[in-house]
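The values are calculated or read from the model by the stated rules, or taken from the named source; none is laboratory data. It should be emphasised that the depicted structure is a prediction, and the values quoted were computed from it without experimental measurement. Backbone-built Cβ (ideal geometry, glycine too); neighbour counts: all protein chains shown. Quick note on the areas: whole protein, heavy atoms, side chains included, nothing else; ligands and nucleic acids left out. Shrake-Rupley method; radii C 1.70, N 1.55, O 1.52, S 1.80 Å.
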Amino acid sequence: MNAVTRPANVATLDEAPAPGMVWVPPGEFRMGSDYHYPEEAPAHPVEVDGFWMDIAPVTNAQFRRFVEATGYVTFCEVPPNEADYPNADPALLVAASVVFVPPPHRVGLHDHYQWWQLVPGADWRHPQGPDSSIDGRDDHPVVHVAYADIEAYARWAGKQLPTEAEFEWAARGGGGDSEYAWGDELAPGGKHLANTWQGEFPWQNLAEDGHIGTSPVGAYPASAYGLVDLIGNVWEWTCDWYSPRHPQAALKACCIPSNPRGGARDASYDPAQPHIRIPRKVMKGGSHLCAPNYCQRYRPAARMSQPVDTSTSHLGFRCVVRSVTSGE
């Protein structure tokens, strides 16, 4: 790890604020990409302060400790309030979450409802539905967590949620403008360096790396900063409101509060659904469902939107600490 200057009010580099965190040094990098999906453009310079980051996504075991300590009930375990979803089909207003269910044969890629299903009874304890469990999967990333759930966990843990820029800076690991977090080849020498889909999505999973679905955290090599699973395995929430393109100007990474009036929150609404005013956050890193023939988002620059009221079987999170003494 390169020597860096300690920012004011931040623990020294040998004083991690919590177990399982590593120091990500400050720096400036070119964020985004002009060569892939339109929401990644334009590439632009961003300055990032140093911060502590969880080595891995929050696991089932860690989230269980939080639930046991607080009695917390996740968003998808509670039936939606009909008043919040006017004109919704009453059959959909049940405790449920979104689960990937592979079709039995090749299908067109234009309709994601062919492989995504809203499953009643699916939640973090039952990732594929009420008859499934996380037995033997304590070291897998927790999934089926909506944005309010991860905010609650972060507060309990005395941590914060990463900005999009912090996440991308950490994923690049000092690697500059490389296509992937580890270089310019997806599987150098035929070796898979992240949990992504091998085969033809969504029906044929060859599992060349030995994993179908999520994998134990740390099953793949760590980054230059000692972080694992920043690419693949599960998408990860960030605290930034989504916008369809990056701003043109240089920025300093800064997380906007979770519930400001107007501004970035309003801009995050999906314009394709003007009557559904659910704000969206940025998720980063790709997941085990990203494939060469669909969703090539196993890259640091990649990004997607996620409504704050939605949880899925391939989305998790990790935390950061920016200031040990102020909690900001």
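Just a few scattered comments:
- Each residue in the stretch 152-161 was checked for being surrounded by 21 or more Cβ atoms within 10 Å (Cβ to Cβ) and among the charged types (D, E, K, R), and 1 of them qualify.
Yes or no, residue by residue, for (1) part of a loop (DSSP other than H, G, I, E, B); (2) in contact with a strand residue (DSSP E or B) (Cβ under 9 Å, 6 or more places away or on another chain); (3) touching a residue at least 12 places away in the same chain (Cβ under 8 Å):
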site: Glu185; (1), (2), (3): yes, no, no
site: Phe201; (1), (2), (3): yes, yes, yes
site: Ala207; (1), (2), (3): yes, no, no
site: Gly210; (1), (2), (3): yes, no, no
site: Val228; (1), (2), (3): yes, no, yes
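- Residues that are open to solvent by less than 30 Å² (accessible area, probe 1.4 Å) and within 24 Å of Ile134 (Cα to Cα) do occur in the stretch 202-209, at least one of them.
- Per the listing Trp124, Trp116, the residue uniquely over 16 Å from the mean Cα position of the chain (by Cα) and under 21 Å from Ser215 (Cα atoms) is Trp116.
- Within the stretch 283-303, the set of residues being closer than 18 Å to Pro102 by Cα and not in a loop (DSSP other than H, G, I, E, B) comprises Ala291, Tyr294.
- For first residues located in the stretch 29-52 and among the hydroxyl-bearing types (Ser, Thr, Tyr), partners that are not in a strand (DSSP E or B) and lie 6+ apart or on another chain with Cβ distances below 6 Å form the pairs Ser33/Glu40; Ser33/Ala43; Ser33/Ala301.
- Subset of the stretch 65-84 (residues that are surrounded by fewer than 17 Cβ atoms within 10 Å (Cβ to Cβ), closer than 21 Å to Phe317 by Cβ and without any contact (Cβ under 8 Å) to a residue 40 or more places away in the chain): Arg65, Glu68, Gly71, Val73, Val78
- Qualifying residue in the stretch 85-95 (condition: within 21 Å of the chain's Cα centre (by Cα), surrounded by 12 or more Cβ atoms within 10 Å (Cβ to Cβ), at pLDDT 95 or above and not β-branched (Val, Ile, Thr)): no
Residues checked against (1) in contact with a Pro (Cβ under 7 Å, 6 or more places away or on another chain); (2) farther than 28 Å from Pro244 by Cα; (3) open to solvent by less than 30 Å² (accessible area, probe 1.4 Å):
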residue: Gly129; (1), (2), (3): no, yes, yes
residue: Asp135; (1), (2), (3): no, yes, no
residue: Val142; (1), (2), (3): no, no, yes
residue: Val145; (1), (2), (3): no, no, yes
residue: Gly173; (1), (2), (3): no, no, yes
residue: Gly190; (1), (2), (3): no, yes, no
residue: Trp197; (1), (2), (3): no, no, yes
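- Inclusion of Asp266 among residues that are modelled with pLDDT under 95 and surrounded by 14 or more Cβ atoms within 10 Å (Cβ to Cβ) is not warranted.
- Failed condition for Asp149, given (1) open to solvent by 10 Å² or more (accessible area, probe 1.4 Å); (2) out of contact with any Lys or Arg (no Cβ under 9 Å at 6 or more places or on another chain); (3) of a type in the set (D, E, K, R): (1)
- Test: residue in the stretch 70-83 that is within 27 Å of Gln114 (Cβ to Cβ), modelled with pLDDT under 95 and part of a loop (DSSP other than H, G, I, E, B): yes
- Check on Phe167, crowded, with 18+ Cβ neighbours inside 10 Å and out of contact with any strand residue (DSSP E or B) (no Cβ under 8 Å at 6 or more places or on another chain): no
- Test for Val67: is it aliphatic (A, V, I, L, M), under 30 Å from Asp139 (Cβ atoms) and more than 19 Å from the chain's Cα centre (by Cα): yes
- Residue match in the stretch 170-183 (condition: acidic (Asp, Glu) and in contact with a strand residue (DSSP E or B) (Cβ under 7 Å, 6 or more places away or on another chain)): yes
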